[in-house]
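Step one of this worksheet: look at the structure below.
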Amino acid sequence: MALNIKNNSIEPIDNAVGYDASFGTFSSAAAVAGNKIDSSKTKKVDICADDGGANFGTTDVRTMRVRTLLTAAQSGSASIAGLMGQLKNTAADTTTGHKCGVKGYYEAVSGATVATTSAGVMAMLDVPSGATIASGGASGLNITSVDLGGTHTGKATAIGVENAGAGSWDGFLSLPSTSSQVIQSGAATGGTSQYLKVYIGGTLYTILMTTA
């Protein structure tokens, strides 16, 4: 038996629906009763935790964990995720606020100290000794798209940076010292160099990339 939680009630339904519990009814495109959020109900689920007013010490804590465990060898073209955040648009959206599948938000208040390595979103990749990275490689952050075939009145870019609401960014990118694995002191040579495309204010610029 699966459970559907909607309209302040719990509804038992057929277990063949593909899940054990849901909030509201999934629809690919249509609005469905019991799913609504609005200016007075801005979220469907609120999970809150705090530090209890005490130092965590040396530990790793989180308010929620979602995990998918792979125990069998996987092949084919399956997409597998621990968590998916999805925003689907079926109408003309001309709003100027942020729209996203996942929002990562680090908030500091006046008087707080923001520690080194703090971020709105942290992407992490572990491949310990004994594990293998397959041909093609892996990354801490991978940006992709299923389809970008629509009309590009503006530019579709893999990374976008906006001006801060107040104050300003100090730079586009922060890297560790030159002794790290991501920096080398000399240019790669040989082969044919490439140019990285960067749009600034809608104008195309290029950054030279040399190749080994």
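The values are calculated or read from the model by the stated rules, or taken from the named source; none is laboratory data. Model, not experiment: these values are computed from the prediction. Note: ideal-geometry Cβ built from the backbone for every residue, glycine included; neighbour counts use all protein chains shown.
Observations on the structure shown:
- Selection status of Tyr205, among the hydroxyl-bearing types (Ser, Thr, Tyr) and free of Cβ contacts under 8 Å to residues at least 40 places away in the same chain: yes
- Considering (1) closer than 24 Å to Ser145 by Cβ; (2) loosely packed, with under 10 Cβ neighbours inside 10 Å; (3) not basic (Lys, Arg), the lone condition that Leu83 does not fulfil carries the number (2).
- Comparison of Val109, Val61, Val45, Val66 shows that the only residue that is loosely packed, with under 10 Cβ neighbours inside 10 Å, in contact with a strand residue (DSSP E or B) (Cβ under 9 Å, 6 or more places away or on another chain) and not basic (Lys, Arg) is Val45.
- Breaking point among (1) modelled with pLDDT under 95; (2) outside any loop (DSSP other than H, G, I, E, B), for Tyr199: (1)
- Selection of first residues in the range 182-200 that are closer than 21 Å to Thr157 by Cα and of second residues that are assigned to a loop (DSSP other than H, G, I, E, B) and modelled with pLDDT of 90 or more, restricted to Cβ pairs under 7 Å at least 6 apart or on distinct chains, gives the following pairs, ordered by first then second residue: Tyr199/Lys155; Tyr199/Thr157.
- Annotation note: Cβ proximity below 6 Å between a residue of the range 142-155 that is loosely packed, with under 10 Cβ neighbours inside 10 Å and a residue that is at pLDDT 95 or above (sequence gap 6+ or interchain) occurs for Ile143/Ala158; Leu148/Ala156.
Quick grid of which residues meet (1) in contact with a Cys (Cβ under 8 Å, 6 or more places away or on another chain); (2) at pLDDT below 80; (3) surrounded by 11 or more Cβ atoms within 10 Å (Cβ to Cβ):
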residue: Ala2; (1), (2), (3): no, no, yes
residue: Pro12; (1), (2), (3): no, no, no
residue: Asn15; (1), (2), (3): no, yes, yes
residue: Phe23; (1), (2), (3): no, no, yes
residue: Lys41; (1), (2), (3): no, no, no
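- Residue in the range 70-85 that is touching a helix residue (DSSP H, G or I) at 6+ places or on another chain (Cβ under 9 Å) and farther than 30 Å from Ile159 by Cβ present: no
- Residue within the range 99-116 that is part of a loop (DSSP other than H, G, I, E, B), modelled with pLDDT of 95 or more, under 30 Å from Val32 (Cβ atoms) and of a type in the set (A, V, I, L, M, F, W, C) present: yes
- Yes/no for Val127 being surrounded by 10 or more Cβ atoms within 10 Å (Cβ to Cβ), assigned to a loop (DSSP other than H, G, I, E, B) and of a type in the set (Val, Ile, Thr): no
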